[in-house]
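Working notes, beginning with the structure itself.
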């Protein structure tokens with residue numbers, strides 16, 4: 001029996017923010033607070049920026065529900081044994097909205113930072129081109145809802161993205177996990193992406209749709225990526241492995257990346273492709289690619305294995321969002337994923353009991 005249809009956002013929000021690790025230090029932010037306060041639960045700060053200036057390794061910054069103005073940059077760093085976690089205490093309850101300053105709703109330049117459970121809404125913002133920017137190292141954007149980024153901005157080679165990870169400032173291994181990203185760019189602009197990966201890292205359990213160009217793309221210094229169990233549909237293209245426009249002495253190619261267990265469906269262009277300079281060790285296995293302008297376009301004689309070319313059979317498919325993107329019990333994506341690269345949980349945070357493709361377990 002197939003699951004009862006509901007909206008994609010309702011499904012993902014059903015599980016509260018999956019941050020249970022206790023930290024030594026705790027700071028609090030509320031729209032009713034003041035940056036002259038001490039940042040305690042009874043005397044919270046008003047802005048996330050102020051909390052970042054006080055935070056130290058092994059701190060959780062608890063952000064209360066409410067609307068916060070974006071366009072800020074945080075530079076604080078945690079450590080490998082003491083990450084700094086910025087957490088929306090209610091999943092998607094803390095909303096970051098557009099401003100007239102800065103290009104990013106949240107520009108993260110520090111290392112070992114988590115951005116967990118926020119809503120990033122660029123609706124009507126005239127200068128915002130990126131929702132979450134991870135420019136440090138070992139950062140994680142997870143459990144976030146990112147939408148309406150650069151939808152009213154003229155197409156430009158400057159580019160735009162819902163979530164971007166980057167090596168430009170020396171950052172390595174940044175992850176995008178368990179996010180919903182939709183409506184980035186407009187009018188088929190070829191420079192606007194859902195998740196844009198420009199360094200090493202992981203992108204898994206993401207639901208991505210209504211992107212003017214590519215759902216998950218990689219370029220510049222991208223290499224050694226693990227892109228698994230994403231559901232990518234209704235975009236200009238699906239997933240791109242590519243490299244070019246290098247900086248910081250990186251000479252390419254984009255190599256040693258894994259693309260596995262993804263559902264790539266109903267994209268105008270190619271479902272999964274390679275572009276620019278790529279190596280011979282990228283692997284493509286157990287993906288469902290169907291109903292795209294073309295399902296695969298690989299280079300260097302590479303092939304894909306375990307591929308399914310059939311309708312994924314979502315419970316209630318709506319191309320522009322608002323559907324139910326879990327799997328019917330007749331879906332060919334059930335129990336056909338590569339177990340080696342399977343995340344332990346799915347998009348809403350439920351434990352995966354079998355090897356299903358896409359962001360939602362059956």
Determine which single condition residue 226 fails, assuming it passes every other condition in (1) in contact with a strand residue (DSSP E or B) (Cβ under 8 Å, 6 or more places away or on another chain); (2) surrounded by fewer than 22 Cβ atoms within 10 Å (Cβ to Cβ); (3) farther than 28 Å from residue 352 by Cα. (3)
Could you go through the stretch 313-333 and let me know if any residue there is closer than 21 Å to residue 209 by Cα, more than 22 Å from the chain's Cα centre (by Cα), assigned to a loop (DSSP other than H, G, I, E, B) and free of Cβ contacts under 8 Å to residues at least 24 places away in the same chain. yes
Given the conditions (1) farther than 27 Å from residue 126 by Cβ; (2) surrounded by fewer than 15 Cβ atoms within 10 Å (Cβ to Cβ), which single one is not true for residue 44? (2)
Could you list, in sequence order, all residues of the stretch 202-214 that are farther than 16 Å from residue 130 by Cβ and in a strand (DSSP E or B)? 202, 204, 207, 209, 210
Test: residue 23 is assigned to a loop (DSSP other than H, G, I, E, B), modelled with pLDDT under 75 and closer than 30 Å to residue 360 by Cα: no
Applying the selection to the stretch 231-269, what residues are more than 18 Å from the chain's Cα centre (by Cα) and closer than 17 Å to residue 280 by Cα? 243, 244, 251, 252, 253, 254, 255, 256
In the stretch 26-59, which residues are in contact with a helix residue (DSSP H, G or I) (Cβ under 7 Å, 6 or more places away or on another chain) and either in a loop (DSSP other than H, G, I, E, B) or modelled with pLDDT under 95 (or both)? 35, 39
Just checking, which of 235, 261, 230, 267 is farther than 16 Å from residue 181 by Cβ and modelled with pLDDT of 95 or more? 261
Selection from the stretch 260-269 of residues that are out of contact with any helix residue (DSSP H, G or I) (no Cβ under 9 Å at 6 or more places or on another chain) and either surrounded by fewer than 23 Cβ atoms within 10 Å (Cβ to Cβ) or part of a loop (DSSP other than H, G, I, E, B) (or both): 262, 266, 267, 268, 269
Assess whether residue 69 counts as being within 21 Å of residue 24 (Cβ to Cβ), out of contact with any strand residue (DSSP E or B) (no Cβ under 6 Å at 6 or more places or on another chain) and either at pLDDT 95 or above or loosely packed, with under 15 Cβ neighbours inside 10 Å (or both). no
So which of 186, 156, 101 ends up being over 16 Å from the mean Cα position of the chain (by Cα), within 21 Å of residue 231 (Cα to Cα) and not in a strand (DSSP E or B)? 186
Quick one: residue 154 ticks every box in (1) within 26 Å of residue 344 (Cα to Cα); (2) without any contact (Cβ under 8 Å) to a residue 12 or more places away in the chain except a single one, so which number is it? (1)
So which residues in the stretch 120-132 are in contact with a strand residue (DSSP E or B) (Cβ under 7 Å, 6 or more places away or on another chain) and surrounded by 21 or more Cβ atoms within 10 Å (Cβ to Cβ)? 120, 121, 122, 128, 129, 130, 131, 132
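The values are calculated or read from the model by the stated rules, or taken from the named source; none is laboratory data. Bear in mind that the values here come from a model prediction, so they are computed numbers and not experimental data. Note that we place each Cβ from the backbone using ideal geometry, even for glycine, and neighbour counts take in every protein chain shown.
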